[in-house]
1. Quick one: which residue in Ser92, Ser101, Ser117 is among the polar types (S, T, N, Q), over 27 Å from Tyr14 (Cβ atoms) and at pLDDT 95 or above?
2. What residue, among those in the stretch 84-94 that are of a type outside the set (Val, Ile, Thr) and in a loop (DSSP other than H, G, I, E, B), is nearest to Ile16 (Cα to Cα)?
3. Could you run through the stretch 99-140 and say how many residues are over 18 Å from Lys17 (Cα atoms), crowded, with 18+ Cβ neighbours inside 10 Å and either touching an Asp or Glu at 6+ places or on another chain (Cβ under 9 Å) or small (Gly, Ala, Ser) (or both)?
4. I'd like to know if the stretch 67-83 contains one or more residues that are part of a helix (DSSP H, G or I), exposed (fewer than 14 other Cβ atoms within 10 Å of the Cβ) and either modelled with pLDDT of 95 or more or of a type in the set (D, E, K, R) (or both).
5. What number of residues within the stretch 11-43 satisfy the criterion of being exposed (fewer than 15 other Cβ atoms within 10 Å of the Cβ) and either hydroxyl-bearing (Ser, Thr, Tyr) or assigned to a loop (DSSP other than H, G, I, E, B) (or both)?
6. Could you grab me the full set of residues in the stretch 95-118 that are outside any loop (DSSP other than H, G, I, E, B) and of a type in the set (A, V, I, L, M, F, W, C)?
7. Among the numbered conditions (1) over 30 Å from Lys11 (Cα atoms); (2) touching a residue at least 60 places away in the same chain (Cβ under 8 Å); (3) of a type in the set (A, V, I, L, M), tell me where Leu77 comes up short.
Amino acid sequence: PLKYIYYWKEKEPYGIKNEAMRKKIISMMKNGENQGAYDKIPSYAILELKRMSKYIKRRINLLRAPFILIHSKEDDLSSIKGAKYIYEKAPSQIKKFVELSNSYHIITMDNEKGIVSKETIAFFNTIAEHKKENHLSYVF
């Protein structure tokens, strides 16, 4: 089928707002070290993301495990609306939403990667403390 043939050619900014990091990624891509970004996105991958999105929306009421969502307002690939929807609709008792304002899609490599690390560590520490206080266990 055509979904295995067609793809979308990726272009700058490659999901990275930080210009120095973006230049590094571009250099790596030119040297065949395609670690940081894809040069093309297969159409079947996009179709799978759409299917996954529908699946999650239908089952969001089942999400009771603790979770953290970190998303940038300036994400150049996906809207923050989806992350906010999940956060608002999921019945999990322990959840956190962190909105970034100075990064694009690849938040772990962009301007606010320090915030991403700090918030993630703090969230897991919160879970550990909650588990300890309430003698609970979580299955992920």
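1. Values: Ser101 fails: over 27 Å from Tyr14 (Cβ atoms); Ser117 fails: over 27 Å from Tyr14 (Cβ atoms).
Matching residue, one of Ser92, Ser101, Ser117: Ser92.
2. Restricting to residues being of a type outside the set (Val, Ile, Thr) and in a loop (DSSP other than H, G, I, E, B), the top hit is Ala90.
3. Adding up the residues that qualify gives 0.
4. Checking the stretch 67-83: at least one residue is part of a helix (DSSP H, G or I), exposed (fewer than 14 other Cβ atoms within 10 Å of the Cβ) and either modelled with pLDDT of 95 or more or of a type in the set (D, E, K, R) (or both).
5. Result for the stretch 11-43: 9.
6. Answer for the stretch 95-118, where residues must be outside any loop (DSSP other than H, G, I, E, B) and of a type in the set (A, V, I, L, M, F, W, C): Phe97, Val98, Leu100, Ile115, Val116.
7. (1)
The values are calculated or read from the model by the stated rules, or taken from the named source; none is laboratory data. It should be emphasised that the depicted structure is a prediction, and the values quoted were computed from it without experimental measurement. Virtual Cβ from ideal backbone geometry, glycine too; neighbours counted across all protein chains shown.
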